[in-house]
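Input: a single structure, listed below in structure tokens.
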Amino acid sequence: MAITIGNTLLRRMVADQSGIPVQDVDKVFAAREKVIKGLLETGAKVRIDDLGFLQMTQTKPTRRREPHKGTMVEVPARTKVVFREIRKTIDDSV
């Protein structure tokens, strides 16, 4: 069974592993997030280590059924962030 690691626990684990205070790890995580958001807004494709890529993708406008009334609703086109994993197993990277 897979477990979910929250942001706080992840930052504590990184701090413990690296010997850096949690406050400094928080600053590094915040800076990385800010840089990644800025790059995505410019249309860049951002590689996250050996995990995969983040990039912005444009969706097409569609028609969907509204569940409460059953009427068809127009869903406009939008831009969203997608993550594409690298096709590589954990064993290959060890």
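A short reminder: the numbers here are calculations on the coordinates, not readings from a lab. What you see is a predicted model, and the numbers here were worked out from it, not measured in a lab. Glycine gets a Cβ as well: all are built from the backbone with ideal geometry, and neighbour counts include every protein chain shown.
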* For the chain, what is the mean residue ellipticity at 222 nm derived from helices alone (per DSSP H run of n ≥ 4: -39500 (n - 2.57); sum divided by total residues; nearest 500 deg cm²/dmol)? -> -12000 deg cm²/dmol
* Sequence-distant lysines (8 or more away, or on other chains) whose Cα lies within less than 21 Å of Lys37 -> Lys27, Lys45, Lys80
* Between Lys45 and Ala31, what is the label-to-label distance in nm when each label sits 7 Å out along the Cα-to-Cβ direction? -> 2.8 nm
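Under a Cβ-Cβ cut-off of 10 Å, what is the net charge of the residues other than Pro61 that fall near it, where Lys and Arg count +1 and Asp and Glu count -1? Spell out each step's value before the answer.
Values: positive: Lys60, Arg63, Arg78; negative: Glu74.
Neighbour charge sum, excluding Pro61 itself: +2.
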* Using alpha carbons only, what's the Rg to Rh ratio of the chain with Rh from Kirkwood? -> 1.12
* Structure fact -> Checking the range 1-79 for trypsin sites (Lys or Arg not before Pro) in a loop per DSSP with at most 12 other beta-carbon atoms within 10 Å yields Lys45, Lys69, Arg78
